[in-house]
Amino acid sequence: MTESGSADLKRRHRAMWALGDYSSIATEVIPGLGRRLVEVCRIGPGQRVLDVAAGSGNAAIPAAEAGANVVASDLTPELFEAGRRIAAERGVDLQWQEADAEALPFSDAEFDAVISCVGVMFAPFHQAAADELVRVAKPGGTIGLINWTPSGFIGQMFATMKPFAPPPPPGAQPPPLWGDEAHVRSLLGDRVTDLELRRENAAIDRFADAAEFRDFFKTYYGPTVAVYKAIAGQSDKIAQLDRALAELAAEHDLGDGRMEWEYLLVTGRRAG
Ligand SMILES: C[S@@+](CC[C@H](N)C(=O)[O-])C[C@H]1O[C@@H](n2cnc3c(N)ncnc32)[C@H](O)[C@@H]1O
(Lines give C-alpha, C1' and ligand atoms only; values in the text may rest on other atoms or scores of the structure.)
Protein backbone atom coordinates (compact mmCIF):
# COMPACT_ATOMS: atom_id res chain seq x y z
CA MET A 1 0.00 0.00 0.00
CA THR A 2 1.29 3.49 -0.85
CA GLU A 3 2.08 5.99 1.92
CA SER A 4 -0.92 8.14 1.05
CA GLY A 5 -3.17 5.05 0.84
CA SER A 6 -2.01 3.99 4.27
CA ALA A 7 -2.53 7.48 5.74
CA ASP A 8 -6.03 7.53 4.26
CA LEU A 9 -6.81 4.12 5.75
CA LYS A 10 -5.66 5.27 9.21
CA ARG A 11 -7.81 8.41 8.90
CA ARG A 12 -10.84 6.27 8.06
CA HIS A 13 -10.18 3.87 10.93
CA ARG A 14 -9.76 6.75 13.35
CA ALA A 15 -13.02 8.32 12.15
CA MET A 16 -14.80 4.97 12.52
CA TRP A 17 -13.68 4.48 16.16
CA ALA A 18 -14.67 8.06 16.97
CA LEU A 19 -18.28 7.33 15.88
CA GLY A 20 -20.84 6.57 18.57
CA ASP A 21 -19.38 6.54 22.06
CA TYR A 22 -16.91 3.69 22.49
CA SER A 23 -16.33 4.49 26.17
CA SER A 24 -19.91 3.34 26.90
CA ILE A 25 -18.99 -0.14 25.62
CA ALA A 26 -15.81 -0.22 27.72
CA THR A 27 -17.40 1.00 30.94
CA GLU A 28 -20.86 -0.60 30.72
CA VAL A 29 -20.29 -3.83 28.78
CA ILE A 30 -16.71 -5.11 29.18
CA PRO A 31 -15.11 -3.34 32.18
CA GLY A 32 -13.95 -6.68 33.58
CA LEU A 33 -11.74 -7.44 30.57
CA GLY A 34 -9.18 -4.70 31.23
CA ARG A 35 -8.98 -5.73 34.89
CA ARG A 36 -8.51 -9.38 33.90
CA LEU A 37 -5.58 -8.49 31.61
CA VAL A 38 -3.89 -6.37 34.29
CA GLU A 39 -4.31 -9.15 36.87
CA VAL A 40 -2.99 -11.95 34.64
CA CYS A 41 -0.01 -9.82 33.55
CA ARG A 42 0.76 -9.14 37.23
CA ILE A 43 1.02 -5.41 36.64
CA GLY A 44 2.22 -3.67 39.78
CA PRO A 45 4.01 -0.69 41.31
CA GLY A 46 7.15 0.56 39.63
CA GLN A 47 6.48 -1.03 36.24
CA ARG A 48 6.42 1.07 33.09
CA VAL A 49 3.44 -0.17 31.09
CA LEU A 50 2.23 0.55 27.55
CA ASP A 51 -1.42 -0.09 26.68
CA VAL A 52 -1.69 -0.31 22.87
CA ALA A 53 -5.04 0.66 21.31
CA ALA A 54 -6.12 1.64 24.81
CA GLY A 55 -9.33 3.43 23.81
CA SER A 56 -10.73 5.12 26.90
CA GLY A 57 -8.38 3.17 29.19
CA ASN A 58 -10.22 -0.08 29.93
CA ALA A 59 -6.90 -1.78 30.76
CA ALA A 60 -4.66 1.30 31.16
CA ILE A 61 -6.68 2.73 34.08
CA PRO A 62 -6.67 -0.51 36.15
CA ALA A 63 -2.93 -0.77 35.39
CA ALA A 64 -2.44 2.72 36.84
CA GLU A 65 -4.63 1.75 39.81
CA ALA A 66 -2.26 -1.19 40.37
CA GLY A 67 0.55 1.33 40.82
CA ALA A 68 2.20 1.18 37.38
CA ASN A 69 3.50 4.12 35.39
CA VAL A 70 1.21 3.85 32.34
CA VAL A 71 1.12 5.20 28.80
CA ALA A 72 -2.30 4.74 27.15
CA SER A 73 -1.84 4.92 23.37
CA ASP A 74 -4.42 4.82 20.60
CA LEU A 75 -5.02 5.78 16.98
CA THR A 76 -8.17 7.66 18.04
CA PRO A 77 -7.33 10.45 20.48
CA GLU A 78 -11.01 11.44 20.55
CA LEU A 79 -11.40 8.56 23.04
CA PHE A 80 -8.92 10.09 25.50
CA GLU A 81 -11.37 12.71 26.71
CA ALA A 82 -13.55 10.02 28.33
CA GLY A 83 -10.39 8.22 29.49
CA ARG A 84 -9.06 11.32 31.25
CA ARG A 85 -12.42 11.89 32.94
CA ILE A 86 -12.64 8.26 34.15
CA ALA A 87 -9.03 8.31 35.37
CA ALA A 88 -9.66 11.55 37.29
CA GLU A 89 -12.81 10.08 38.86
CA ARG A 90 -10.77 7.08 39.96
CA GLY A 91 -7.92 9.22 41.27
CA VAL A 92 -5.15 7.98 38.95
CA ASP A 93 -2.86 9.75 36.56
CA LEU A 94 -1.53 8.34 33.28
CA GLN A 95 -0.10 9.59 30.02
CA TRP A 96 -2.33 9.56 26.90
CA GLN A 97 -0.59 9.45 23.55
CA GLU A 98 -1.87 9.22 19.99
CA ALA A 99 -0.09 6.29 18.32
CA ASP A 100 -0.58 3.83 15.49
CA ALA A 101 0.01 0.27 16.73
CA GLU A 102 1.86 -0.49 13.48
CA ALA A 103 4.41 2.32 14.02
CA LEU A 104 4.66 2.99 17.75
CA PRO A 105 6.43 6.26 18.65
CA PHE A 106 8.45 4.60 21.44
CA SER A 107 12.02 3.38 21.76
CA ASP A 108 13.14 -0.23 21.61
CA ALA A 109 12.85 -2.08 24.95
CA GLU A 110 11.14 0.85 26.70
CA PHE A 111 8.40 -1.00 28.65
CA ASP A 112 8.24 -3.68 31.37
CA ALA A 113 4.85 -4.71 30.03
CA VAL A 114 3.04 -4.12 26.74
CA ILE A 115 -0.66 -4.91 26.90
CA SER A 116 -3.67 -4.60 24.61
CA CYS A 117 -7.29 -5.41 25.43
CA VAL A 118 -9.36 -6.15 22.31
CA GLY A 119 -7.25 -3.38 20.78
CA VAL A 120 -4.21 -4.24 18.66
CA MET A 121 -6.35 -6.84 16.85
CA PHE A 122 -8.00 -3.92 15.01
CA ALA A 123 -4.79 -2.69 13.36
CA PRO A 124 -5.10 -4.04 9.80
CA PHE A 125 -1.56 -5.31 9.19
CA HIS A 126 -1.04 -7.92 11.86
CA GLN A 127 2.65 -8.68 11.43
CA ALA A 128 3.59 -5.00 11.56
CA ALA A 129 1.65 -4.56 14.80
CA ALA A 130 3.05 -7.76 16.36
CA ASP A 131 6.59 -6.64 15.52
CA GLU A 132 5.98 -3.33 17.29
CA LEU A 133 4.60 -4.98 20.45
CA VAL A 134 7.76 -7.06 20.70
CA ARG A 135 10.13 -4.22 19.82
CA VAL A 136 9.02 -1.84 22.58
CA ALA A 137 8.99 -4.53 25.33
CA LYS A 138 12.15 -5.01 27.41
CA PRO A 139 13.85 -8.41 27.09
CA GLY A 140 12.02 -10.53 29.67
CA GLY A 141 9.16 -8.01 29.68
CA THR A 142 5.53 -9.10 29.58
CA ILE A 143 3.34 -9.08 26.51
CA GLY A 144 -0.36 -9.56 27.30
CA LEU A 145 -3.30 -9.45 24.93
CA ILE A 146 -7.02 -10.11 24.94
CA ASN A 147 -8.39 -10.80 21.45
CA TRP A 148 -11.94 -11.72 20.40
CA THR A 149 -11.98 -15.16 18.74
CA PRO A 150 -13.43 -15.79 15.26
CA SER A 151 -16.00 -18.27 16.63
CA GLY A 152 -16.96 -16.22 19.69
CA PHE A 153 -19.79 -13.70 19.78
CA ILE A 154 -17.90 -10.59 18.65
CA GLY A 155 -16.08 -12.55 15.90
CA GLN A 156 -19.51 -13.70 14.71
CA MET A 157 -20.87 -10.18 14.95
CA PHE A 158 -18.16 -8.99 12.54
CA ALA A 159 -18.97 -11.92 10.20
CA THR A 160 -22.65 -10.92 10.34
CA MET A 161 -21.87 -7.28 9.49
CA LYS A 162 -19.39 -8.09 6.70
CA PRO A 163 -21.87 -8.44 3.79
CA PHE A 164 -23.26 -4.99 4.65
CA ALA A 165 -19.86 -3.26 4.98
CA PRO A 166 -17.67 -1.75 2.25
CA PRO A 167 -14.91 -4.19 1.16
CA PRO A 168 -11.73 -4.00 3.30
CA PRO A 169 -8.62 -2.47 1.69
CA PRO A 170 -6.24 -4.88 -0.08
CA GLY A 171 -3.94 -6.73 2.33
CA ALA A 172 -5.89 -5.78 5.47
CA GLN A 173 -6.42 -8.80 7.71
CA PRO A 174 -9.65 -9.48 9.62
CA PRO A 175 -9.42 -8.50 13.33
CA PRO A 176 -10.71 -11.81 14.83
CA LEU A 177 -7.75 -13.69 13.25
CA TRP A 178 -5.81 -12.39 16.29
CA GLY A 179 -8.08 -14.74 18.28
CA ASP A 180 -6.71 -17.79 16.45
CA GLU A 181 -3.93 -19.62 18.33
CA ALA A 182 -1.90 -20.66 15.26
CA HIS A 183 -2.04 -17.13 13.85
CA VAL A 184 -0.79 -15.60 17.13
CA ARG A 185 2.03 -18.17 17.38
CA SER A 186 3.11 -17.38 13.85
CA LEU A 187 2.98 -13.58 14.43
CA LEU A 188 5.09 -13.70 17.61
CA GLY A 189 7.35 -16.60 16.62
CA ASP A 190 10.35 -17.36 18.80
CA ARG A 191 10.74 -13.72 19.84
CA VAL A 192 8.28 -14.42 22.67
CA THR A 193 8.89 -17.15 25.27
CA ASP A 194 6.57 -18.71 27.87
CA LEU A 195 3.70 -18.14 25.46
CA GLU A 196 0.36 -19.13 26.98
CA LEU A 197 -2.87 -19.05 25.01
CA ARG A 198 -6.13 -19.55 26.89
CA ARG A 199 -9.71 -19.28 25.73
CA GLU A 200 -11.94 -17.56 28.27
CA ASN A 201 -15.38 -15.98 28.27
CA ALA A 202 -16.43 -12.48 29.20
CA ALA A 203 -19.71 -12.63 31.15
CA ILE A 204 -21.99 -9.97 29.69
CA ASP A 205 -25.02 -8.88 31.69
CA ARG A 206 -25.65 -5.35 30.39
CA PHE A 207 -28.60 -6.18 28.10
CA ALA A 208 -32.12 -7.29 28.96
CA ASP A 209 -32.53 -8.95 25.56
CA ALA A 210 -31.16 -9.28 22.01
CA ALA A 211 -32.85 -6.12 20.72
CA GLU A 212 -31.33 -4.04 23.50
CA PHE A 213 -27.87 -5.40 22.63
CA ARG A 214 -28.35 -4.53 18.95
CA ASP A 215 -29.64 -1.02 19.61
CA PHE A 216 -26.82 -0.30 22.06
CA PHE A 217 -24.15 -1.38 19.57
CA LYS A 218 -25.95 0.45 16.73
CA THR A 219 -25.73 3.64 18.80
CA TYR A 220 -22.33 3.38 20.50
CA TYR A 221 -19.94 0.89 18.83
CA GLY A 222 -18.01 2.63 16.02
CA PRO A 223 -17.71 -0.35 13.62
CA THR A 224 -21.46 -1.09 13.93
CA VAL A 225 -22.41 2.58 13.57
CA ALA A 226 -20.19 2.71 10.44
CA VAL A 227 -21.88 -0.29 8.81
CA TYR A 228 -25.32 1.23 9.35
CA LYS A 229 -23.99 4.51 7.90
CA ALA A 230 -22.83 2.60 4.79
CA ILE A 231 -26.40 1.31 4.19
CA ALA A 232 -28.20 4.51 5.21
CA GLY A 233 -31.41 4.98 3.22
CA GLN A 234 -31.57 1.31 2.14
CA SER A 235 -34.49 0.20 4.26
CA ASP A 236 -34.35 -3.47 3.12
CA LYS A 237 -30.72 -3.81 4.10
CA ILE A 238 -31.22 -2.00 7.39
CA ALA A 239 -34.08 -4.34 8.27
CA GLN A 240 -31.97 -7.39 7.27
CA LEU A 241 -29.03 -6.30 9.43
CA ASP A 242 -31.32 -5.41 12.33
CA ARG A 243 -32.77 -8.92 12.14
CA ALA A 244 -29.41 -10.66 11.72
CA LEU A 245 -27.79 -8.93 14.72
CA ALA A 246 -30.79 -9.58 16.96
CA GLU A 247 -30.86 -13.25 15.85
CA LEU A 248 -27.16 -13.65 16.59
CA ALA A 249 -27.59 -12.14 20.07
CA ALA A 250 -30.67 -14.31 20.72
CA GLU A 251 -28.67 -17.44 19.76
CA HIS A 252 -26.05 -16.50 22.38
CA ASP A 253 -28.59 -15.58 25.07
CA LEU A 254 -28.08 -17.77 28.12
CA GLY A 255 -31.36 -16.50 29.63
CA ASP A 256 -32.35 -13.01 30.87
CA GLY A 257 -30.14 -11.49 28.15
CA ARG A 258 -26.92 -12.79 29.73
CA MET A 259 -24.22 -13.80 27.23
CA GLU A 260 -20.69 -15.16 27.13
CA TRP A 261 -18.28 -13.60 24.65
CA GLU A 262 -15.24 -15.77 23.96
CA TYR A 263 -11.76 -14.29 23.79
CA LEU A 264 -8.17 -15.52 23.56
CA LEU A 265 -5.95 -14.46 26.46
CA VAL A 266 -2.32 -14.29 25.30
CA THR A 267 0.62 -13.91 27.68
CA GLY A 268 4.34 -14.28 27.14
CA ARG A 269 7.74 -12.66 27.63
CA ARG A 270 9.98 -10.99 25.13
CA ALA A 271 12.90 -13.33 24.49
CA GLY A 272 16.42 -12.19 25.04
C1 LIG B 1 -12.56 -2.30 20.76
S2 LIG B 1 -11.59 -0.87 21.07
C3 LIG B 1 -10.66 -1.38 22.51
C4 LIG B 1 -10.26 -0.25 23.38
C5 LIG B 1 -9.75 -0.64 24.78
N6 LIG B 1 -8.51 -1.37 24.70
C7 LIG B 1 -10.77 -1.42 25.56
O8 LIG B 1 -10.47 -2.51 26.06
O9 LIG B 1 -11.88 -0.90 25.72
C10 LIG B 1 -10.39 -0.94 19.77
C11 LIG B 1 -9.44 0.23 19.80
O12 LIG B 1 -8.43 0.01 18.81
C13 LIG B 1 -8.02 1.28 18.34
N14 LIG B 1 -7.29 1.09 17.09
C15 LIG B 1 -7.75 0.64 15.90
N16 LIG B 1 -6.76 0.60 14.99
C17 LIG B 1 -5.64 1.02 15.63
C18 LIG B 1 -4.28 1.22 15.23
N19 LIG B 1 -3.88 0.96 13.98
N20 LIG B 1 -3.41 1.67 16.15
C21 LIG B 1 -3.79 1.95 17.42
N22 LIG B 1 -5.06 1.81 17.84
C23 LIG B 1 -5.98 1.34 16.96
C24 LIG B 1 -9.34 2.03 18.21
O25 LIG B 1 -9.16 3.41 18.11
C26 LIG B 1 -10.05 1.58 19.48
O27 LIG B 1 -9.79 2.45 20.55
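The values are calculated or read from the model by the stated rules, or taken from the named source; none is laboratory data. A quick note: this is a predicted structure, and the numbers were derived from the prediction, not measured. Cβ: placed from backbone, ideal geometry, glycine included. Neighbour counts: every protein chain shown.
Below are the figures for this structure:
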{"item": "Enumerated helices (runs of 4 or more DSSP H) restricted to region 1-99, each holding at least 3 residues that are over 14 Å from the mean Cα position of the chain (by Cα), more than 12 Å from the ligand (Cβ to nearest atom) and surrounded by fewer than 16 Cβ atoms within 10 Å (Cβ to Cβ)", "result": "3-18, 80-89"}
{"item": "Number of positions in region 65-120 that are basic (Lys, Arg) and touching a strand residue (DSSP E or B) at 6+ places or on another chain (Cβ under 6 Å)", "result": "0"}
{"item": "Residue list for region 100-114, restricted to those being more than 9 Å from the ligand (Cβ to nearest atom) and either at pLDDT below 95 or not polar (S, T, N, Q) (or both)", "result": "PRO105, PHE106, ASP108, ALA109, GLU110, PHE111, ASP112, ALA113, VAL114"}
{"item": "Selection status of PHE213, away from the ligand (no atom under 12 Å from the Cβ), within 18 Å of ALA226 (Cβ to Cβ) and either touching a strand residue (DSSP E or B) at 6+ places or on another chain (Cβ under 9 Å) or basic (Lys, Arg) (or both)", "result": "yes"}
{"item": "Given (1) touching a residue at least 40 places away in the same chain (Cβ under 8 Å); (2) surrounded by fewer than 14 Cβ atoms within 10 Å (Cβ to Cβ), number of the condition GLN234 does not satisfy", "result": "(1)"}
